[in-house]
1. Here are labelled values, (i) 33; (ii) 47; (iii) 36, and one is the computed percent of Cα pairs over 42 Å apart for what I pasted. Which one?
2. How many nm separate the modelled label positions at residue 386 and residue 524, each set 7 Å beyond the Cα in the direction of the Cβ?
3. So if R0 is 30 Å, what FRET efficiency would residue 59 and residue 104 give, r being the distance between their Cβ atoms, rounded to the nearest 0.05?
4. Could you give the distance between the Cα centres of region 468-520 and region 175-251, to the whole Å?
5. So, in Å, what gap is there between the alpha-carbon centers of region 1-26 and region 646-678?
6. Report the calculated FRET efficiency for residue 215 and residue 724 (r = Cβ-Cβ distance, R0 = 22 Å), to the nearest 0.05.
7. How high is the relative contact order of the chain, given as a whole-number percent (alpha carbon pairs under 8 Å, six or more residues apart)?
8. Any idea what diffusion coefficient region 481-610 gets from Stokes-Einstein, in µm²/s, Kirkwood Rh on alpha carbon pairs, 20 °C, 1.002 mPa s?
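Please treat every number below as a calculation from the coordinates, not as lab data. Given the structure is predicted, the values throughout are model-derived calculations rather than measurements. Neighbour counts run over all protein chains shown; Cβ positions are idealised from the backbone, glycine included.
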């Protein structure tokens with residue numbers, strides 16, 4: 001390996017190693033740091049189930065027994081079209097310790113984010129050392145560390161992929177290089193199913209196209225259009241099922257409200273350079289009823305006191321931006337894409353907390369951090385440090401003081417940490433000036449500055465671990481996979497849990513009797529209390545079930561009550577044969593109806609089972625008076641039956657949610673029983689007619705067209721580049737050398 005290659009690898013490898021060390025250091029404060037809230041309640045069980053299905057050669061689209069969580073394509077974040085998600089899922093299925101597995105995945109993606117930041121900064125002509133510094137700092141953004149890395153896996157995945165997508169786009173569009181890296185990276189970004197990274201990508205693509213049009217560069221216009229069409233095609237494929245399903249969920253309501261929930265104001269932004277400053281960002285702390293009776297996510301809005309985490313923190317060196325500005329006109333033109341995305345995402349984090357389906361805009365702050373820190377690397381590369389004007393030093397001094405005053409005014413109780421940060425920044429300012437004026441070679445000065453900055457960063461990470469050792473999001477004592485596999489390990493039909501499932505989640509002993517949210521996928525029994533981002537409105541209201549599977553106490557009475565229209569118990573209409581009641585909600589033994597018995601009393605639960613188990617959800621559970629039929633076949637995606645007799649009441653009820661996307665041949669769709677049970681009307685059918693009820697994602701022709709368009713765009717782009725390269729390589733005969741005939 002030659003010396004030049006070693007030099008090229010030194011800085012990115014160093015950045016990756018430092019990122020790994022800082023990421024693992026979080027485990028000193030909390031060994032389960034990367035296994036909080038949505039990772040334990042949603043991601044791991046979801047990965048495990050997807051991996052289990054993939055091992056069987058299946059890609060799950062719909063699972064009736066999962067009820068409101070079973071419309072997997074509409075859920076989006078299952079990543080059904082993502083090869084990278086498949087790889088993670090197969091790894092989860094093979095793992096025994098979910099905490100260790102999640103930690104490995106999160107750390108790897110933080111390193112991927114670091115390396116992506118490095119190559120992106122280099123594409124904007126940042127020097128290697130400064131690009132490496134930005135690569136160390138971007139994964140330490142407060143929101144990335146305390147929310148995305150700790151809990152929201154797909155948010156971290158998007159943040160990690162975006163710099164790679166942006167780098168590959170610039171490479172393909174600006175430099176006319178191979179589009180293959182962009183095609184792969186952008187597909188992976190979109191297929192994760194997390195919309196915030198896709199919105200950022202849209203902003204990048206629009207900027208690229210507008211700039212190419214402004215500069216009248218035909219080739220770049222064409223490449224920008226191809227890049228946009230490619231991204232749009234896969235965005236339609238991933239997101240259209242959820243959009244077309246939103247009408248039966250809370251996501252279908254167009255609401256613009258500001259409940260000061262996971263969004264920032266201008267005074268909060270002043271804390272972007274303070275590593276332990278909590279600002280006034282509010283998240284889930286205390287449950288309260290939403291204004292005007294509106295139910296957030298099907299149950300209630302959660303809000304409370306400011307969150308004890310530095311969610312607006314970007315980097316401690318932000319005040320030193322004044323030392324490296326202004327940029328030259330040429331550098332400013334080169335950095336227009338950074339300025340556009342940075343401005344757009346900065347405005348977004350100040351937006352109302354709820355804008356239709358886009359909620360909690362602070363989730364854009366990792367992209368603000370990316371643009372700012374890459375811009376800093378570019379500006380620092382062009383700074384003549386030995387000629388640093390005194391005016392810049394004075395303005396930097398003033399900015400540090402002003403930010404400290406604003407932060408103390410915003411959160412007075414944090415005056416000690418804010419004051420300590422300001423004093424440290426002033427001392428560092430003096431150190432920077434000292435180093436800047438040494439008569440050293442520029443490479444030595446840069447190396448000293450960057451190494452010193454990494455040392456300071458290590459100190460800020462240590463301060464965070466001491467002051468804020470864990471994410472503000474909840475965690476619990478989730479055990480190993482073997483323990484969870486023993487819960488309801490002998491299935492007797494479909495099951496549902498009722499009551500406060502989360503009660504005692506911090507006690508390891510409780511996990512021998514019940515699981516939580518998507519961890520139910522690890523049980524041999526199909527349990528409906530799963531995690532969904534698309535709760536079904538009428539189902540939620542009927543069973544008072546929240547999006548993580550908790551129910552109120554009345555849910556048990558509802559399950560065992562008789563439905564007025566059909567005369568059947570609701571539990572029978574759902575195909576439920578097992579009920580697990582939480583003692584935290586039902587301290588006294590509930591009275592089971594006829595046909596049910598108490599199978600087992602545990603320390604924390606009551607386990608009831610039907611005397612004769614019913615078939616799993618998905619099939620026919622009731623027919624109207626005078627109507628008789630014979631079931632032919634039942635699968636997750638379809639039901640077929642033969643009509644033996646069509647009576648005056650031709651309704652046929654299936655134990656399925658009435659999702660958009662069902663197609664019925666041989667009969668017509670009826671009004672849903674209880675407003676959510678799929679109902680077929682066979683009054684017009686003759687004896688012997690076969691009725692087929694089949695589910696396919698709504699908008700299926702558009703999905704096929706979008707996928708076809710994506711393939712055609714990729715093929716066309718590659719073919720166009722091949723033709724262009726052949727034309728460029730073709731030898732030409734100068735006119736002066738032509739001979740007369």
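1. Evaluating percent of Cα pairs over 42 Å apart on these atoms matches (iii).
2. If labels sit at residue 386 and residue 524, their model points lie 7.7 nm apart.
3. 0.75
4. So the two Cα centres are separated by 39 Å.
5. Each part reduced to its Cα centre gives a spacing of 60 Å.
6. 0.70
7. The normalised contact order for the chain reaches 15 percent.
8. Numbers: Rh = 14.8 Å.
Translational diffusion coefficient: 145 µm²/s.
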